[in-house]
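**Q** My structure is below; once you've seen it, I'll send some questions.
The values are calculated or read from the model by the stated rules, or taken from the named source; none is laboratory data. The shown structure was predicted, so the numbers you read here are calculated from the model rather than taken from an experiment. Cβ placement follows ideal geometry from the backbone for every residue including glycine, while neighbour counts extend to all protein chains displayed. For the accessible areas, the whole protein counts, side chains as well, though only heavy atoms, and no ligand, DNA or RNA atoms are used. Shrake-Rupley method; radii C 1.70, N 1.55, O 1.52, S 1.80 Å.
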Amino acid sequence: MGLSILIGAQWGDEGKAKIVDYLCRNIDIVVRYQGGANAGHTVVLEGKKFVFHLIPSGILHPDKQCYIGNGVVLDPEQFLKEIEMIEKSGISYHNRLKISALAHVIMPYHKTLDALRETKRKNPIGTTGRGIGPCYADKSSRNGLRLIDLYSDKLDEKIEANIEYYNYLFQNYENYQPLDKEKIIKDYQYYAEKLKPFVDDVAFLVNENLDQGKNILAEGAQGVGLDIDFGTYPFVTSSNPTAGGAMTGIGVSPLRVDKIYAIMKAYTTRVGEGPFPTELLDETGEYLRKKGHEFGSTTGRPRRCGWFDLVFAKYSVMLNRFTDIVLTKLDVLDGIDKIKVCVGYRTSKGEISRFPVSLDELYEITPIYQEFDGWESVEGAKTMADLPENARKYIDFLEKSLNTSISIISVGPDREETIVRK
Ligand code: IMP
């Protein structure tokens, strides 16, 4: 099996954590490849709810190794909170959790800047406020601190230089309190000590394990629509959830990749601002939000809900060439009389079936829908044959349209509420 990649194929929150948990049965190591504590991965185990923002949810399986790749931006405070949560639950993580020494570290000034910039933007992005954008910006501008830098003799100097710069930047914002240099240095010295047992050369470990025939799952956060290059820029996150991001985010060659799983919800959601062609601002949208518990696990914000967007899904398939689609939350569509799928966009210049690169164009489009008869309930379905005929028709239509096999279907939040097609 080798290396598999698991990608949120829409705008995030497709239910990746449940599928990671499910696929874990045949996996030795789970590696996160991008994003940071902006992600929220919820897993329910024996009635107990775990919400992870940084640590791969694979940690709940005692025989799995979990890595955080160099492509992730690490918030030490959040990481230590998750360690505490795991510890309290009696789950042992010793020697099976590693963080890349090359991962960049979120600093307090990243979070401050994230919040300040949002208040000053004419069109806010609706970020999670976790300092993600500013941390990746420091990485690209070569002012960032990597985990390995926390162990340098020059750590104080590096932090001081950045604090000086950020204090200079922040002085123009009203009511801003200067950064407390001594406290920040002390805090990060403390984090450095606490994180020491986890810091390692993750790219080496990944490649070595693949050479030994181990199965590795690269777990993406967010989704294709939030990709910094291919998403609805600037309403995106600051990393690459698309397949290429997994290569640079953990340090592997594309030649290693065996499977690429798309996680797609049976409808669409988006949290934060930005264009959303199939958004439902009516009672059907409200129904999906309530039934699907569509509230952010990081910020608690209500998610915007809408119909499945085939135009976007085809774009997502093109960018990632998925080997498999995992269709999630099919049960949320239960009881809806007529289900719609967006099959094209109407523009002032005619109909288009390709996702436009221009945001202005995207804001102008009207979705063209194809209607499907709904079904009563998919509850308890273990095989395709158990599904109502109309649910099967819906799945077949998506599969044919996307020219990719839908090999796993999730019909409920529980591990067992999963149909695997042979
Ligand atoms: P940031 O990643 O916090 O900078 O936020 C940028 C955009 O990505 C905002 O619209 C967020 O709501 C969205 N976003 C970030 N992380 C997630 C996620 O895990 N799920 C869904 N949306 C996300």
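**Q** Return the sequence-ordered ³J(HN,Hα) values of region 390-395 in whole Hz as given by the Karplus equation 6.51 cos²θ - 1.76 cosθ + 1.60 applied to θ = phi - 60°, using x for Gly and Pro.
**A** These are the phi-based 3J(HN,Hα) values: 5, 5, 5, 4, 4, 5 Hz.
**Q** If R0 is 45 Å, what FRET efficiency do you get for LYS88 and THR383 from their C-beta distance, rounded to 0.05?
**A** Once the sixth-power term is evaluated, E becomes 0.70.
**Q** Now, a different point. With a 1.4 Å probe and all protein chains left in place, how much of the accessible area of the chain comes from carbon and sulfur atoms, in whole percent?
**A** Carbon and sulfur atoms account for 49 percent of the accessible area of the chain.
**Q** Only Cα pairs under 8 Å and at least 6 apart count here; give the relative contact order of the chain as a rounded whole percent.
**A** Relative contact order, the chain: 20 percent.
**Q** Over all distinct Cα pairs, what is the inverse of the mean 1/r for region 265-422, reported as the Kirkwood hydrodynamic radius in Å?
**A** Final number for the Kirkwood radius of region 265-422 is 16.4 Å.
**Q** For a label point 7 Å from the Cα of ASN175 along Cα→C-beta, name the residues of region 103-144 whose backbone N is under 17 Å from it.
**A** Under 17 Å, as judged by backbone N against the label point of ASN175, lie 112-121 of region 103-144.
**Q** Let me ask you something else. Considering Cα pairs under 8 angstrom that are at least six residues apart, work out the relative contact order of region 104-197 and quote it in whole percent.
**A** It comes to 28 percent, rounded to a whole number.
**Q** Output the pairs from LYS265/LYS338; LYS338/LYS400; LYS48/LYS194 with a Cα-Cα distance over 24 Å in this structure; if there are none, say none.
**A** LYS48/LYS194
**Q** Starting at 0 and stepping by 10 Å, how many percent of the alpha carbon pairs of region 104-197 end up in each bin?
**A** Final binned percentages: 15, 48, 30, 7, 0.
**Q** Under the rule of at least 5 residues apart or a separate chain, name every residue whose amide H is placed under 5 Å from the amide H of ILE99.
**A** Excluding prolines and chain starts, which carry no amide H, the hits are ILE68, VAL199, ASP200.
**Q** Which one of GLY8, ALA203, PRO388 has its Cα pushed farthest toward the positive end of the charge dipole of the chain, where Lys and Arg give +1 and Asp and Glu give -1 at the Cβ?
**A** ALA203
**Q** Over region 104-197, average the accessible area per residue using a 1.4 Å probe and give it in Å², no decimals.
**A** Solvent-accessible surface per residue comes out at 60 Å².
**Q** Counting pairs of Cα atoms in region 48-114, how many percent are more than 17 Å apart?
**A** 43
**Q** Convert each backbone phi in region 345-362 into a coupling constant with the Karplus relation 6.51 cos²θ - 1.76 cosθ + 1.60 (shift: θ = phi - 60°), then list the ³J(HN,Hα) values in order as whole Hz, x for Gly and Pro.
**A** 10, 8, 10, 5, 9, x, 7, 10, 10, 9, 5, x, 7, 8, 5, 4, 5, 5
**Q** Taking amide H positions as placed in the peptide plane 1.01 Å from N, state which residues far from ILE406 in sequence (5 or more) or on other chains have amide H under 5 Å from it.
**A** ILE325
**Q** Sticking with this one: Between VAL73 and residues 5 or more places away or on another chain, which pairs have amide H atoms under 5 Å apart, with H built 1.01 Å from N, and which residues are they?
**A** Long-range HN contacts for VAL73: GLY35, GLY36.
**Q** Could you give the spread of the C-alpha atoms of region 321-385 along their three principal axes, from largest to smallest, in whole angstroms?
**A** Dimensions of region 321-385 along the principal axes of its Cα atoms: 45, 31, 16 Å.
**Q** Which whole-Hz ³J(HN,Hα) couplings does region 170-176 yield from phi under the Karplus relation 6.51 cos²θ - 1.76 cosθ + 1.60, θ = phi - 60°, glycine and proline marked x?
**A** Whole-Hz 3J(HN,Hα) from phi for region 170-176: 6, 4, 7, 8, 5, 6, 8.
**Q** Which of the peptides 363-369, 279-285, 221-227 is most tightly packed, and how do the rest follow, judged by the mean count of other Cβ atoms within 10 Å per residue? Let's see the in-between values first.
**A** Values: 363-369: 16.1, 279-285: 14.6, 221-227: 28.1.
Ranking, from highest mean packing down: 221-227, 363-369, 279-285.
**Q** With N set to the residue count of the chain, report its C-alpha Rg divided by 2.2 N^0.38 Å to two decimal places. Don't skip to the answer; put the middle values down first.
**A** Values: Rg = 21.6 Å, N = 422, 2.2 N^0.38 = 21.9 Å.
Cα-based Rg divided by the globular estimate yields 0.99.
**Q** In whole Å, what are the Cα extents of region 75-234 along the three principal axes, biggest one first?
**A** Sorted largest first, the three principal extents are 55, 40, 33 Å.
**Q** Given the -39500 (n - 2.57) contribution per DSSP H run of 4+ residues, what per-residue ellipticity at 222 nm results for the chain, rounded to the nearest 500 deg cm²/dmol?
**A** That comes out to -9500 deg cm²/dmol.
**Q** Given 10 Å bins starting at zero, what is the percent of C-alpha pairs of region 163-318 in each, up to the one with the largest pair distance?
**A** Calculated over all Cα pairs of region 163-318, the distribution is 8, 24, 25, 26, 16, 1 percent.
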